[in-house]
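Inspection log for the structure reproduced underneath, given as C-alpha cells.
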Amino acid sequence: MPASLPLSRLNQDCLWGSILVCVVIATYLPVLQAGYIWDDDINITANPCIVGPLGLKEIWTTGAANMCPLTLTTFWLEHALWGSAPLPYHLVNLFLHAACAVSLWRVLQNLNIPGAWFGAALWALHPLQVETVAWVSETKNTQSGLFYLLSVLFFTKSLQPRKNQKTGGWNYALALLFAALAMASKSSTVILPITLGLCAWWVEGRWQGRNLARLAPVFLLSIAASAAAMWTRQAWGGDDPHWVRSWPERIAAAGEVIWFYVGKLIWPHPLINSYPPWNIDAMQWTAYLPLFAAVIILFIFWYHRQRWGRPWFFVFACFVAALFPVLGLVTMSSSAHSLVADHLQYLAGMGPLALVGAGLARLSDTVLPKHSSLQ
C-alpha cells in the first residue's frame, strides 16, 4: 500500500496539470485566428536573420540578436519548419504559455504556497496575458518565462540537500542551465539572481551567507547578459535622442510605473496596446511620492517579517525586482511610445496573483474546513 501513495500523488499531479493546460489552451484559442502585428515583421517575416540572407551566425555574433538570441533562434527554426504562416507560431507561443502555467504551479508547490494551482491559473488566465499570448514576437516572454520558472524550480529543489542528497547537485546545475537559457531568450530575466535570493530566504526562513556562493554564478550570467543587451541596444540605436530622459525623470517615473502595474493587476480595464505617454514633472516634489510610497511599504513588510509581513514582503519584493528592468531606469526603445505595456509585467504578476490564490485557498479552508486546497 505505501508504494502506491507516490503513484497516486503523481496521478493527481498529472490530472491537475492536464486540466490547467486544457483550460489555458481553451481560453486563448481565439489567438490562433490572429496574424502578425506590430513588430512581427522586424522580428520574423522581414528579419534577414530569419528569412535570409543572414542566419544563425549573425543571430549569435552580431547586434541582430536584439537582446534575445535564443528566441530568434526559435523563430529561425520555426521558419525552417513551416515558413511564414502565422498559425504555427501562435500555437508554439500558446503552448509555451501553458507550460509556464504548469511550471509556476510546480514552483508554488515547491515553495509551499497554499492554493498553488489557483495562483497559477489566475496568473495564466489574467487578461493582462492576452497581449503576450496573441503577439508572436512576445514568444520571448513565454520562452524566457518558462526557462525562468524552471531555474527557480530546480534552484529551490537544490536548497533541500537532506531530502535530495543525491540530486541536489544536479538540481543546482539545471538551475544554472535554465538561468542561462532564460537570459539568452530575453534580457529582462537578468533579475533572476534577485528572485533566487528571495526564494532562498523564503524557503530557509532567513538569509544565509552560503547562498552568496550559490548565487554568484547566476550573478555572473546576469552581468554577461546585461552587457550583451547593452551592446545590442547600441547597435539598434538605443541612444536615440528622443528616447533620452533625465535621471530625475526616470526616478520619478519608476514609482508611477510600479503602481500602474499594481492597478492593472487589480483592474485590467482598459487594455491598450500602446498606452498614452505620461507627463511627469520631475521638478515637483510630489512626482516622487509614488516611489517613496513603494519603498515605505516594502520597509513596513520587512519590519513585520517575523509576524504577518513575511509573505507580503516576499511577494512585493519579487514584484518590484521583476519590474526593475522595465521601470524606465534603463532606456528601452518602447519608451518612445509609452513607459508601460501589458506584456512587460509577464513575470512580475506571478507573485501577487499567487498571493491571491493563497488567500482563496485559506478562505475555502475556513468556509469548508474539510476541503483540501489545491496544491
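The values are calculated or read from the model by the stated rules, or taken from the named source; none is laboratory data. Here the structure is a predicted model, which is why all the values come from computation and not from measurement. Cβ placement follows ideal geometry from the backbone for every residue including glycine, while neighbour counts extend to all protein chains displayed. All accessible areas refer to the heavy atoms of the entire protein, side chains included, with ligands and DNA or RNA removed. Shrake-Rupley method; radii C 1.70, N 1.55, O 1.52, S 1.80 Å.
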Running a GNM on the chain with Cα contacts under 10 Å, which residue among Trp312, Trp285, Trp207 ends up with the highest mean-square fluctuation?
Trp285
Between (1) 21.8; (2) 25.4; (3) 23.7, the structure-derived Kirkwood radius over Cα pairs in Å is (1)
Would you list which aspartates and glutamates come within 16 Å of Lys264, measuring only between C-alpha atoms, while excluding same-chain residues fewer than 8 positions from it?
Glu131, Glu256, Asp342
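Round to the nearest 0.05 the FRET efficiency obtained for Arg9 and Trp278 when R0 = 35 Å and r is the Cβ-Cβ distance.
Working: r = 49 Å, r/R0 = 1.41.
Once rounded, the FRET efficiency stands at 0.10.
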Take the alpha-carbon centre of the stretch 269-309, take the same for the stretch 139-158, and report the distance between them in whole Å.
27
Give the relative contact order (percent, whole number) for the chain; include only Cα pairs under 8 Å separated by 6+ residues.
21
Relative contact order of the stretch 69-201, pairs being alpha-carbon contacts under 8 Å that are 6 or more residues apart, as %:
27
State which helices in the chain qualify, where a helix is a whole DSSP H run, it must extend 15 Å or more along its own axis by its Cα atoms, and its mean Kyte-Doolittle hydropathy must be at least 0.5.
4-27, 69-82, 86-110, 168-185, 192-204, 210-235, 247-266, 289-303, 310-323, 350-367
Calculate, in nm to one decimal, what Leu289 and Thr366 gain on full extension: separation in residues at 0.36 nm each, minus their alpha carbon distance.
23.9 nm
When you count, for each residue, the other Cβ atoms within 10 Å and take the mean per peptide, how do 13-21, 190-198 rank with the highest first?
190-198, 13-21
Summing -39500 (n - 2.57) over the DSSP H runs of n ≥ 4 in the chain and dividing by its residue number, what mean residue ellipticity at 222 nm do you reach, to the nearest 500 deg cm²/dmol?
-20500 deg cm²/dmol
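State whether the stretch 92-189 is rounded, prolate or oblate according to the following rule on the C-alpha gyration tensor (a ≥ b ≥ c being the square roots of its eigenvalues): a/c under 1.5 gives rounded; otherwise a/b larger than b/c gives prolate, and the remaining case gives oblate.
On the way: a/c = 3.20, a/b = 1.47, b/c = 2.17.
Note, shape of the stretch 92-189 comes out oblate.
Accessible area per residue of the stretch 108-207 at 1.4 Å probe, in Å²?
On the way: 3410 Å² over 100 residues.
Ligands and nucleic acids excluded, the figure is 34 Å² per residue.
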Considering the chain as a Gaussian network with a 10 Å cut-off on Cα pairs, which listed residue, Glu249, Glu138, Glu204, attains the greatest mean-square fluctuation?
Glu204
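Just subtract the alpha-carbon distance of Glu204 and Ala80 from 0.36 nm times their residue separation and send over the number in nm, one decimal. Walk me through the numbers on the way to the answer.
Numbers: separation 124, 0.36 × 124 = 44.64 nm, distance 4.62 nm.
Extra length available between Glu204 and Ala80 comes to 40.0 nm.
With a 1.4 Å probe and every protein chain kept in, tell me what percent of the accessible surface of the stretch 107-208 is carbon plus sulfur.
On the way: 2250 of 3470 Å².
For the stretch 107-208, the apolar C and S fraction of the accessible surface comes to 65 percent.
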